[in-house]
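Just below is one structure, and these are the notes that go with it.
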Amino acid sequence: MKRWMIFGLVALFMVLAAPAMAQDAAPTPIPPICTQFVGEADDLRTSYYMGEGLGFYESGQFSRAVNSFTCILFEIDNSHVPAYMGRALVLTERGDYDRALEDYTRAVELDPNNVSAFNNRGIVHSLLGDYEEAQSDFDRALGLDEGFLIGLNNRAVIRAIQGDYEGAIGDLEEALNQTDIQAVIDDLRDPERDPEAPPIRDYTLNEARPYALLGVIYSAFALSSYQDYLLLTGQNADFRIQSAAGALESRFTFDLRLSDGTWLLVADFAPEG
Amino acid sequence: MAKHWTTSRTVSAFVMLIVILGGGAAAAQEAPPEATPEAAATVEVVTITQEECAAAAPNASAPFFIGLANAYFEDEDYTGAIRAYSCAIFGAAELPIVYANRGYAYFVQRADPEALADFNRAIELDGSLAAPYNYRGMLYTVQGNFGLALGDFTVAVTLDPNYAEAYNNRAVVHAAEGNFDLALFDIESALLIAPDDPAPYATRSAVYGALALREAAEYRARAGEAALFPGGSPAEVVAALRTDAEFGSFGTWLTLLVRGG
């Protein structure tokens, strides 16, 4: 009788506890709605949903974009790297960093040579404030492609955030060496140059960007030096340095803040499917 | 933080796609079709070349562009939709819905000849689809071709008896022609199918407004200016009705047209 009572209590506990235990389990994902190109070949459906996801992403309809990319992964091919890349991009934009990390991680598991996936995952780590993880990802991207300008840009930013100004400057100088943009500058500064003439070669804004970042990082370096000086001198500090430090501090609190993600560059990937 | 990050995505993979195809967020809110048939004459038609499509997405297949176009279309970025559907057509996507949707995008931009050509092509490819008839009926309505419009809306509801928008649109044409009883009959059909759709209610209120105006005019014709209206002086009541006078005008009927699927 006693044994039956114990069994009954255990059974009662199981019944009462079941809903609470179920809540601890991972929520069941909501299946995507994938009504287009039903019955067509997988490659056609994949292409369609890559396009649709991209279109919704560009339109700012992030939930629908996630649905489109999920259609590929849920219904067609759960190892389709561009779909993980696309969905991670949307999730990052939406601020859903944990899920974005999962998708980028899946992408690099499936394609360990995917420079863009490492780079973009590094951005997500940076947005989460995990700078060591971020730098590790940029290192891996640059390990796969040492001339990867976007990676050099991003690693320089992360190094500067962590106070490694020399390392940051080294990355940016490497980026400038990669592109030989100095030759364009020399040409533009040539006093004999016809002002109406086009530059000696076409160049992108990304090629000019290291100069901007060098300026920012030298300023950050200057601020760090000023702060060391002010720490040592206290009340006896030269007022001109106090003023200069205050001005720079203000700039780095607002428009030149390196940690807000705006200085990081997202890497390209082929979305066409 | 994410908002700031957004600015950096201008360097992302999709720049070329956006530059070449997308009309962008600013283009998302297109104006409704102009009410006058003459408006179409001044339209600059959106175009794109096959080379531009290839530059936008070098390895893209037609379904990719259809997906992209459908997203733009749902976002009411009709410029982007026209370009992306055109890229899909360059990729030999002879699908009626591609032509129907591109035609509708042209229609919104009042590129009437291009819209008509696309609607006709969609119908040629698959005459059993109701949507191209509804869209073409909308074009004919805007152009003032009520007879052709009624014909197309009737085909649309015959092909798809649950096409509430086509019933609504046929009601609009009936009302614009002064056939209010027929209009109300079609509105009831639309409401039976889609009781939560606001469009038929808007159309019905317009029809009742027009009917009220007609009754007021009839009353005044029979009773004279001195007659008293219940609830106020004749001048007050007529003035109130006249605030709705646009209900009886051609332009307002056009705003009641609805696309549907």
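Which one is modelled with the lowest pLDDT, of the residues in the stretch A:36-53 that are in contact with an Asp or Glu (Cβ under 8 Å, 6 or more places away or on another chain) and more than 7 Å from chain B (Cβ to nearest Cβ)? Per the stated criteria, the residue is A:36. Being assigned to a loop (DSSP other than H, G, I, E, B) and at pLDDT 95 or above is not true of residue B:189. In the stretch A:135-142, the condition of being part of a helix (DSSP H, G or I) and closer than 23 Å to residue A:256 by Cα is met by at least one residue. Evaluated against (1) more than 12 Å from the chain's Cα centre (by Cα); (2) not in a helix (DSSP H, G or I), residue A:152 falls short on exactly one condition, (2).
Within the stretch A:106-116, the set of residues being within 14 Å of chain B (Cβ to nearest Cβ) and of a type outside the set (S, T, N, Q) comprises A:107, A:115. Could you check, for the stretch A:190-206, whether at least one of its residues is at pLDDT below 95, in a helix (DSSP H, G or I) and more than 20 Å from the chain's Cα centre (by Cα)? Within the stretch A:190-206 (the criterion being at pLDDT below 95, in a helix (DSSP H, G or I) and more than 20 Å from the chain's Cα centre (by Cα)), the answer is no, since none of the residues qualifies.
Before we move on, is residue A:186 exposed (fewer than 15 other Cβ atoms within 10 Å of the Cβ), in a helix (DSSP H, G or I), at pLDDT below 95 and not small (Gly, Ala, Ser)?
So residue A:186 fits the description; yes.
Checked across the stretch B:205-215, the condition of being of a type in the set (A, V, I, L, M) and not in a helix (DSSP H, G or I) holds for no residue.
If the condition is being surrounded by 24 or more Cβ atoms within 10 Å (Cβ to Cβ), free of Cβ contacts under 8 Å to residues at least 40 places away in the same chain and not aromatic (Phe, Trp, Tyr), then the stretch B:107-138 contributes B:115, B:118, B:122, B:132, B:136, B:137. When you scan the stretch B:98-106, do you find a residue that is at pLDDT below 85, surrounded by 16 or more Cβ atoms within 10 Å (Cβ to Cβ) and away from chain A (no Cβ under 14 Å), even just one? Checking the stretch B:98-106: not a single residue is at pLDDT below 85, surrounded by 16 or more Cβ atoms within 10 Å (Cβ to Cβ) and away from chain A (no Cβ under 14 Å). Within the stretch B:63-78, does at least one residue satisfy the condition of being without any contact (Cβ under 8 Å) to a residue 12 or more places away in the chain, within 10 Å of another protein chain (Cβ to nearest Cβ) and part of a loop (DSSP other than H, G, I, E, B)? Looking for residues that are without any contact (Cβ under 8 Å) to a residue 12 or more places away in the chain, within 10 Å of another protein chain (Cβ to nearest Cβ) and part of a loop (DSSP other than H, G, I, E, B), one finds none in the stretch B:63-78, hence no. On inspection, residue A:121 does not qualify as over 22 Å from residue A:82 (Cβ atoms), among the charged types (D, E, K, R) and buried (at least 20 other Cβ atoms within 10 Å of the Cβ). Across the stretch A:77-105, what is the number of residues that are away from every other protein chain (no Cβ under 12 Å), surrounded by fewer than 19 Cβ atoms within 10 Å (Cβ to Cβ) and in a helix (DSSP H, G or I)? Residues that pass the stated criteria total 4.
The values are calculated or read from the model by the stated rules, or taken from the named source; none is laboratory data. Nothing here was measured: the structure is a model prediction, and the numbers come from that model. All Cβ positions, even for glycine, are placed from backbone atoms using ideal geometry, and neighbour counts span all protein chains on display.
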